[in-house]
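Report on one structure; see the data block that follows.
The values are calculated or read from the model by the stated rules, or taken from the named source; none is laboratory data. None of these values were measured; they are calculated from a predicted model. Because the Cβ atoms are built from the backbone with ideal geometry, glycine has one as well, and the counts that use them run over all protein chains shown.
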Amino acid sequence: MSRITPKIRELSQYLIAYETKANKRLETNTPEAFHVGEKLRPHLTSLMGNVGFSALLSRALALANAEVPWLRAVRVRADGSLERLDEPAAQADPEQISEGSVVLLAQLLGLLVVFIGEKLTLRLLRDIWPKLSLDDFDFDKGEKHEKEN
């Protein structure tokens, strides 16, 4: 069962775009979700430890594998970082890499929402990215188009 709501998917795209723009020197063959995950990792490991974070990320990766086949060639290291294996399954074009990054991050954020709630998830993201406006992603406020009607 996918935990990716349109709001969580949009939030994932937003975070990836922000990180990609902020770090223009990022390797192009490294999935963007890996970079966002590295920013999340220290904060989440302080809450749940390396084992807890690794388990959460492993579950997000397993869920994302169902949608994005090239992610099957990615594994979670013991420290909670992601490693892309050199396998034929890991070969993907930039569009597939981008889509996989969004799906993986969205699955991770979806799991966080399930386990710690929407408000704490947004608070955590605001702590990590204080300059980033996340007001449009306040889950309690509903979707943007719902307000306009």
Inside the stretch 83-112, can you point out the residues that are of a type in the set (A, V, I, L, M) and surrounded by 20 or more Cβ atoms within 10 Å (Cβ to Cβ)? ILE97, VAL102, VAL103, LEU104, LEU105, ALA106, LEU108, LEU109, LEU112
Can you tell me which residue in the stretch 27-38 is modelled with the highest pLDDT, limited to those that are surrounded by 15 or more Cβ atoms within 10 Å (Cβ to Cβ) and out of contact with any strand residue (DSSP E or B) (no Cβ under 9 Å at 6 or more places or on another chain)? VAL36
Just a yes or no: is a residue in the stretch 46-54 at pLDDT 90 or above, farther than 19 Å from LEU11 by Cα, surrounded by 13 or more Cβ atoms within 10 Å (Cβ to Cβ) and small (Gly, Ala, Ser)? yes
Any chance VAL114 is modelled with pLDDT of 85 or more, of a type outside the set (Gly, Ala, Ser) and out of contact with any helix residue (DSSP H, G or I) (no Cβ under 8 Å at 6 or more places or on another chain): yes
Please work out which one of (1) surrounded by 19 or more Cβ atoms within 10 Å (Cβ to Cβ); (2) at pLDDT 90 or above; (3) outside any helix (DSSP H, G or I); (4) not β-branched (Val, Ile, Thr) is the condition GLY80 fails and give its number. (2)
